[in-house]
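No value in this document is a laboratory result; all are computed from the given coordinates. Small disclaimer: the values here were computed from a predicted structure and weren't measured. With ideal geometry, Cβ positions are generated from the backbone for all residues, glycine too; neighbour counts draw on all protein chains shown.
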Amino acid sequence: MVRWFAIASWRHGVMTAALACPLEHLDASRVGRLAIRLDRAAAFPGLGDSHTGQESADRSVESHTNVDARERMLNGLERPIPDTLIDRADRGSTTPETSDTIGTTLDSGKPEGTTMTDYDVQDMVTLVTGGASGIGEATSLLLARGGAHVAVADLRLEASQRVVDSITAAGGRAFALEVNVTDETSVDAAVSAVLATAGRLDAAVNSAGVGMEAAPLADTTTEEYRRVVGVNLDGIFFCLRAQIRAMRPTGGGSIVNLASMLAQVATAGASPYVAAKHGVLGLTRTAALDHAADGIRVNAVAPGYIGTPMVMSHTGPERLALLNSLHPVGRLGQAEEVAEMVAWLVSAASTFCTGSIFTVDGGYTAR
């Protein structure tokens, strides 16, 4: 007979999460890992994207904290040893923050004096979906600073225009577009607008995405599944198809898809999100193989916990300390740091890279 050790979390009299392992395999380290895993499933139910701009402004964001429980779970451990990965997201915040203020709600521990690199993207016509917030905004600003002509596309035109105004005020070139990546007609129209305005499309960054509230697969509604997959996977497909069709006649280009740490691993309570992000890697690799002969490179970037405005606005000092401790580098990432990787992939410095995933997570998945 196999005996099992189990722990569970309860909220308002209802079991919200449970984990177990055979008793014969139990040791202090495994108890700690189970506790951290349970804590994440129960106390961090809001999963999200580090890069979005697609979620509607009126969708509420619920933040659950249980500092005492986390401290008890972590008590006695030399350091947390996470089994699961959850990346919190900036879910389309319309807060008028530029890249100079992203992540300053709370000190995330990023070294002072860290600046973005200027990449040679001079005169490259680049489309950034989800470009009005988080990583998408940071990418739009960085590419524009490097001399690119940036089409900032987001679900809300006014949000796109805000970023464009920041770019043009600094002497850059940009124009605003409205796009719903779940609607192939809207995506096709946005790409057509880029061609009509700038004459060609040299590069694209697909950064639009949404998060979800954690729930076991059996409790996930069809509507929630379709919403998450519709933006995070179908949206990538629609964007890739339209962008590739636009690039082929002009000799190629570079496309970067924003994925997630959860494109490489899984976590409890996020089946639509994890499935979609795994799917992004599949689309990225297949598109790279299909269109290498057309001169089109397709890569993916997988961010970890990123200190976007939405994340930081819902993160108190205790929770921030916990999240920082989960990274070997001792802090969250910043949107600009992910944008650096994206800009490198867009630029000619990465011309031998295609069909690859580049993880930017402070060593999180290396543990």
Region 132-275: proportion of alpha-carbon pairs further apart than 19 angstrom, %: 54 percent
Please work out how much length the chain gains when fully extended from THR221 to LEU195, using 0.36 nm per residue of separation minus the C-alpha to C-alpha distance, in nm with one decimal. 5.5 nm
Rounded to the nearest Å, what's the spacing between the alpha carbon centres of region 169-207 and region 285-342? Just the number, please. 22 Å
Cα pair distances of region 111-204 binned at 10 Å [whole percent]: 19, 51, 25, 5, 1
ARG241 paired with ALA266, simple spin-label distance in nm, labels 7 Å along Cα-to-beta-carbon: 2.8 nm
What is the pair-distance distribution P(r) of region 239-367, computed from all Cα-Cα distances in 10 Å bins starting at 0, with each bin given as a whole percent? 12, 37, 33, 14, 4, 0
Please order CYS239, CYS353 by the number of other Cβ within 10 Å, starting at the fewest. CYS353, CYS239
Quick one: if the Förster radius is 45 Å, what FRET efficiency do ARG248 and GLU318 give, using the C-beta to C-beta distance and rounding to 0.05? 0.30
Likely footprinting exposure, THR126, THR168, THR182, fewest C-beta neighbours within 10 Å first: THR168, THR182, THR126
Kirkwood hydrodynamic radius over Cα pairs of region 125-366, then Stokes diffusion coefficient at 37 °C and 0.692 mPa s, in µm²/s: 182 µm²/s
